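Below you'll find the structure, written out as C-alpha cells, and then a few comments.
We did not get these values from a lab; they are worked out from the coordinates using the rules stated. Predicted model, so just to flag it, every value in this text is computed and none were measured. Quick reminder, even Gly has a Cβ in these numbers, built from the backbone with ideal geometry, and neighbours come from all protein chains shown.
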Amino acid sequence: MLIGELAQKSGLTRDTIRFYEKIGLIAMNCGERLENNYKNYPDAVLKRLLAIRKIKEFGFTLEETRGIIVLFEEGVLEPKRGMCYVQRKITLVERKIAELQAIKSKLEQITDGRDKPCPLDKILKEIA
C-alpha cells in the first residue's frame with residue numbers, strides 16, 4: 001500500500017511514518033517499490049505501526065517502544081519482563097505527576113498574591 005493509505009489505516013501522518021522509517025522503527029526491503037519508484041508498504045508495516053501507536057498510547061517514549069519491540073522480536077520479552085517495564089513506567093509517571101503538582105503549587109502561589117507584582121516581571125527585568 002502507498003504511504004497515503006498506510007497513513008489513513010494507521011492513524012499516523014505521512015511525516016510520522018517517514019520519521020519512523022528514518023529512525024529505523026519500521027523498515028522497507030529494497031525490492032518493495034513500484035515501477036514509478038513509490039514505496040509499496042506491506043501489511044506487516046501497518047501491523048507494526050499500529051503496535052507502535054498502541055504502545056505509545058500507554059505513555060512509552062519512542063526509545064522505550066523500540067526497546068520493547070526489539071525484545072519481542074528477539075523472543076526475550078516474556079510476560080514477567082513486560083510487567084517490569086509497565087511497573088517502571090508507572091513509577092516514572094507517578095514521579096512526573098509529583099513534579100507537575102509541585103509546579104502547579106508554585107504557580108498558584110503567584111496567583112494567590114494578585115495585588116503583588118508578578119515574579120516573572122522581576123526575573124525578566126534582571127536580564128534587561
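Is it fair to say Asn29 is at positive phi and assigned to a loop (DSSP other than H, G, I, E, B)? Taking the combined requirement at face value, the residue does not satisfy it. The listed residues are Leu92, Leu12, and the only one of them that is of a type in the set (A, V, I, L, M), part of a helix (DSSP H, G or I) and surrounded by 10 or more Cβ atoms within 10 Å (Cβ to Cβ) turns out to be Leu92. The set of residues in region 15-40 being surrounded by 15 or more Cβ atoms within 10 Å (Cβ to Cβ) and within 22 Å of Phe72 (Cα to Cα) consists of Ile17, Tyr20, Glu21, Leu25, Ile26.
The single condition from (1) surrounded by 10 or more Cβ atoms within 10 Å (Cβ to Cβ); (2) over 20 Å from the mean Cα position of the chain (by Cα); (3) farther than 26 Å from Glu5 by Cα that Asp121 fails is (1). The single condition among (1) out of contact with any helix residue (DSSP H, G or I) (no Cβ under 7 Å at 6 or more places or on another chain); (2) part of a helix (DSSP H, G or I) that Gly75 does not meet is (2).
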